[in-house]
Every structure is written in C-alpha cells, then in structure tokens.
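The block underneath contains the structure these notes are about, expressed in structure tokens.
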Amino acid sequence: MDAVNLPETTEVDTRAKEALSLATEITIRDNETYETACAFLKSLKAIEKEIADTFDEPIKRAFEAHKSILGAKGRHMEPIQQAERVVKPKIATYLQEQERIRRDEERRLQEEARKRAEEEALAEAAELEAEGETEAAEQLISEPIRVAPVIVPKMVPKVTGVAMKENWRFRVTDANKIPREYLKIDEIKIGQIVRALKDKTKIPGIEAYPEKLISAGSR
C-alpha cells in the first residue's frame, strides 16, 4: 500500500505564524481600528482555505489508507476473537465447577473434624465424670468446640497467563429507587430544547442564556 506523502508546508507555516504575530499586536481603540481588526479577521479565512487546500487531500488519502488497513486487520482478528468468545466461557465454567467441588469438600472435612472434636470432648468428659470430676466434666462439655480451619488446595493447575477474575456488573431493578447522585443529566436533550426555545425555555433547575460568538467570512 502506497505511503501518504506530506505536503510542502513552508509557505503556509510562515503565513500562519505571521498572522498570529499580527493578531497579538492588534489593539482596538476606536471604530477605525475596530474595522481594521474585522478586516484582519476576515483575511484569516483566506489563510485557512490555503491550509485546507494543502492538507485536505493528503488527509483524505491517509484516512482511506487507515480505514483499509483497519478493515484488513479486523477481518483477520475476527476469527481469533470468536475463538476466544467460545473457549473463555468453557474455561470459566470448568474453574467455577472445580471451585464449587473444592469448597464442598472443605465443608465436608470441616464438619467431620468438628464431629471428631465433639466426640473426643464427650469421651473426655465421660472419663472425668467417672473419676468424680463432675464440675470439670460439665465445664468441658459447656465449652464451644474449636476446630482448626480445613483448607483443601486447588487441584486445577495454574497456567501462566490465564486467570479468572471477578468483573462486577449491575442491572437496574427499579429506576425509581435509584438515588439522585447516581443519575446523569441528559445534556444533549436539554441542549436541543434550549437551542429550539431559546429564552422561552422552561425546564426546572435549568437557566437558558445566550453566548455571544463572533463569526467571520472571507467577504
């Protein structure tokens, strides 16, 4: 694909810098200098057109080349992205299932350890009772059973570069219950109404006001 050549810009660059220098020197004191400033403002349009004529065609060619290359890249990437969308849920489902199995096993072993500790405590209390240590036996039985936590290691091999993470999302269940601080003002819609109705705009909490802008043509 052909490279886009940059245009020669020495002349327009010089004119643009000269225009900026002249703009900083302008002082409007009376009607005559005001008219001079307005004439200068309109003269800038000629320089803008020259800059546009210099760059628009190369920009168009560069944009077309950029769009073509992006399209080619997208066509090559799409099968890969589809493959990712197919295999990622399968991996996530397997990992979730294995984690569920691991946690179930942890709970089962934890319950077994608790029951063993309870049986041992009852057996020890029975021995104390038999030896006449009734108070000690009662105290032993009344104490809560404490068992060290059981940790079942993960059995799924760790693959470098592949990991599962939680991505918390949300869904709206009742829009009327959402607090005000989480609501966003529709600036686009309000702007459309203000531009249409101008000073007749009546939206609670909104003040419409005009912003004065200077426009200039080449004539």
Practice task
Evaluate the following for Leu95: is it of a type in the set (A, V, I, L, M, F, W, C) and touching a residue at least 24 places away in the same chain (Cβ under 8 Å)?
Solution key: yes
Handout entry: Of the criteria (1) among the β-branched types (Val, Ile, Thr); (2) under 30 Å from Val87 (Cα atoms); (3) over 42 Å from the mean Cα position of the chain (by Cα), which one Val147 fails
Key = (2)
Exercise for the section: Go through (1) in contact with a helix residue (DSSP H, G or I) (Cβ under 8 Å, 6 or more places away or on another chain); (2) among the basic types (Lys, Arg); (3) surrounded by 10 or more Cβ atoms within 10 Å (Cβ to Cβ) and name the single condition Arg146 misses. Expected result: (3)
Completion exercise
All conditions in (1) modelled with pLDDT of 90 or more; (2) in a helix (DSSP H, G or I) are true of Ala137 except (1)
Problem - One residue from Glu8, Glu18 being in a loop (DSSP other than H, G, I, E, B) and not aromatic (Phe, Trp, Tyr) - result: Glu8
Handout entry: Sole residue being surrounded by 12 or more Cβ atoms within 10 Å (Cβ to Cβ), in a helix (DSSP H, G or I), in contact (Cβ under 8 Å) with a residue 60 or more places away in the chain and under 42 Å from the mean Cα position of the chain (by Cα), chosen from Ala52, Ala65
Key = Ala65
Fill in the blank from the handout: How many residues of region 149-198 are part of a helix (DSSP H, G or I) and of a type in the set (Phe, Trp, Tyr)? The answer is 1
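The values are calculated or read from the model by the stated rules, or taken from the named source; none is laboratory data. The model shown is predicted, which means the values in this text are computed figures rather than measured ones. FYI the Cβ positions are ideal-geometry reconstructions off the backbone, even for glycines, and counts take in every protein chain you see.
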